[in-house]
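Engineer: Okay, handing you the structure first.
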């Protein structure tokens, strides 16, 4: 099918003619061709989708914006398997008020009690739950599941009573009249919102004191203090912009999490998060998610903050403004209060995705920070690091360590003995190691494990020279793996990361600095340990080749059988003869060599 270079929507179908993906494009031919080009640049999910495509259709549009609107409509109707689908399963929330005597208030999702009164519906469960909790704390209503009057005087008061958060009807600490009055006051508070004037309550408290109603005055005083305490608590998460939404996106492999913080009247009134499969890069996915979020029926606020760039800011702004029918400001803050809110939203997204995948939120956050520092398209969950070690070109080796989810994965560590040449050439050694590693990938990639898995990031112990040496090797395999060098200072401590002839300072990001330093220290330790082991064996082999009749091959056989020079020295003639290639004459020469050495040492002593 010949595609035009015009805006439109493309529709991909499987063997059963079922729609599996819908997308829009500024130029249909260019966009669709990308799916059927090199598969190395696609995620696993996109590769799987392309394998299942048996037919596709397209609809021409007059503009990219018209294509965007049509795409949203078609996705909503067909719910294709491979599109990012944000499921709006929140529903509506209510505040339930059971009737007096001994009524109570609670948050719920449905109206299922004809005798109860309901406030709502509300679109945000977070704000409803928070309001109910505040009302119960201020007016000292029980938060337990006890039923009154059945459970009155059923037990001693709990800790909430002693903290001044519950009037303890379960212990008979409050009369029915006073309890009902508290419930009514809580309902009035919920209906009036947090704007209920404290000044009016203060006046009522002063009047009660003038009339010597000290118990009533004390109760009002406690309620005023509770309201002030909650108001101060709310100020911890505030926004200078009274009405705005904050978005943050975190990626781990092919999974992502979008977190949303919603602010109204300057206070946090709701939070949401969505876990989904990645099918595009961060900028494009971020734009798709924001559009999908407001396509669910959410009200577009006058201001939106996002944690990073979107693929087409002008198109997104037009969509939001036409949806809101008013102007919308979109920002990617780099400092100030907006940046603080975005970072808080980002931490929430990292924590939710960490919970979903079994990782800790702090691990996800540091990997996300590393990805942003290096300009990576996704979080580097699987990191490989390499270092070369030798002594003046002798016993040249390399070590490979693996960090998965920001932690060492020791079962994936590998050691390489340099075979292509003798002497000192760190760049040549690194080229050989990476080439051998990628050849193993080509042989084992169907397994998806060990060498059959490609890293999300390669870190080399060295500067830009090492990166320049390795990049052509990776390109020759047709692979796209980010490669960076880890630069040390004159005290052998991590200082920066080398990329494209420049250095990226990482000391300002404490968590990223700690992670990269740990990787560099670990790969250095691993490679130098292997070198020392190999160098020791090499020295031992040199000692053995001084024995008449023992060449390099027989020396290696002896070391393989006994493991050390000491055990060879202590071995009897029969044990030596049991080694493949060692004759009785060889065994006698070995015994004589060590015996003469011992006698020589004794004479010198």
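Engineer: Within segment 212-227, which residues are part of a helix (DSSP H, G or I), out of contact with any helix residue (DSSP H, G or I) (no Cβ under 7 Å at 6 or more places or on another chain) and without any contact (Cβ under 8 Å) to a residue 12 or more places away in the chain?
Structural biologist: If the condition is that a residue be part of a helix (DSSP H, G or I), out of contact with any helix residue (DSSP H, G or I) (no Cβ under 7 Å at 6 or more places or on another chain) and without any contact (Cβ under 8 Å) to a residue 12 or more places away in the chain, then 214, 215, 218, 219, 225 are the ones that fit.
Engineer: If you scan segment 478-493, which residues turn out to be in contact (Cβ under 8 Å) with a residue 40 or more places away in the chain and in contact with a strand residue (DSSP E or B) (Cβ under 9 Å, 6 or more places away or on another chain)?
Structural biologist: Residues satisfying the conditions are 482, 484, 486.
Engineer: A further question follows. Could you check segment 429-465 and list, in sequence order, the residues that are part of a helix (DSSP H, G or I), at pLDDT 90 or above and under 19 Å from residue 390 (Cβ atoms)?
Structural biologist: 429, 430, 431, 432, 433, 434, 435, 436, 437
Engineer: Quick one: would you say residue 475 is in the same structural domain as residue 495 (by TED's automatic domain parsing), part of a loop (DSSP other than H, G, I, E, B) and either within 14 Å of residue 390 (Cα to Cα) or free of Cβ contacts under 8 Å to residues at least 12 places away in the same chain (or both)?
Structural biologist: no
Engineer: For segment 385-422, enumerate the residues that are assigned to a loop (DSSP other than H, G, I, E, B) and either touching a strand residue (DSSP E or B) at 6+ places or on another chain (Cβ under 7 Å) or under 15 Å from residue 459 (Cβ atoms) (or both).
Structural biologist: 406, 409, 413, 418
Engineer: Are any residues in segment 387-412 under 22 Å from residue 252 (Cβ atoms) and surrounded by fewer than 22 Cβ atoms within 10 Å (Cβ to Cβ), and if so, which ones?
Structural biologist: Within segment 387-412, 404, 405, 407, 408, 409, 410, 411, 412 meet the criteria.
Engineer: Right, here's the next one. Residues to consider are 58, 21, 35; find the one that is touching a helix residue (DSSP H, G or I) at 6+ places or on another chain (Cβ under 7 Å), at pLDDT 85 or above and under 15 Å from residue 280 (Cβ atoms).
Structural biologist: Among 58, 21, 35, only 21 is touching a helix residue (DSSP H, G or I) at 6+ places or on another chain (Cβ under 7 Å), at pLDDT 85 or above and under 15 Å from residue 280 (Cβ atoms).
Engineer: For segment 554-577, does any single residue satisfy the condition of being at pLDDT 85 or above, in a loop (DSSP other than H, G, I, E, B), in the same structural domain as residue 595 (by TED's automatic domain parsing) and over 13 Å from residue 594 (Cα atoms)?
Structural biologist: The answer is no, given that none of the residues of segment 554-577 is at pLDDT 85 or above, in a loop (DSSP other than H, G, I, E, B), in the same structural domain as residue 595 (by TED's automatic domain parsing) and over 13 Å from residue 594 (Cα atoms).
Engineer: Determine whether segment 282-289 contains at least one residue that is over 21 Å from the mean Cα position of the chain (by Cα) and closer than 16 Å to residue 348 by Cβ.
Structural biologist: no
The values are calculated or read from the model by the stated rules, or taken from the named source; none is laboratory data. The model shown is predicted, which means the values in this text are computed figures rather than measured ones. Note that we place each Cβ from the backbone using ideal geometry, even for glycine, and neighbour counts take in every protein chain shown.
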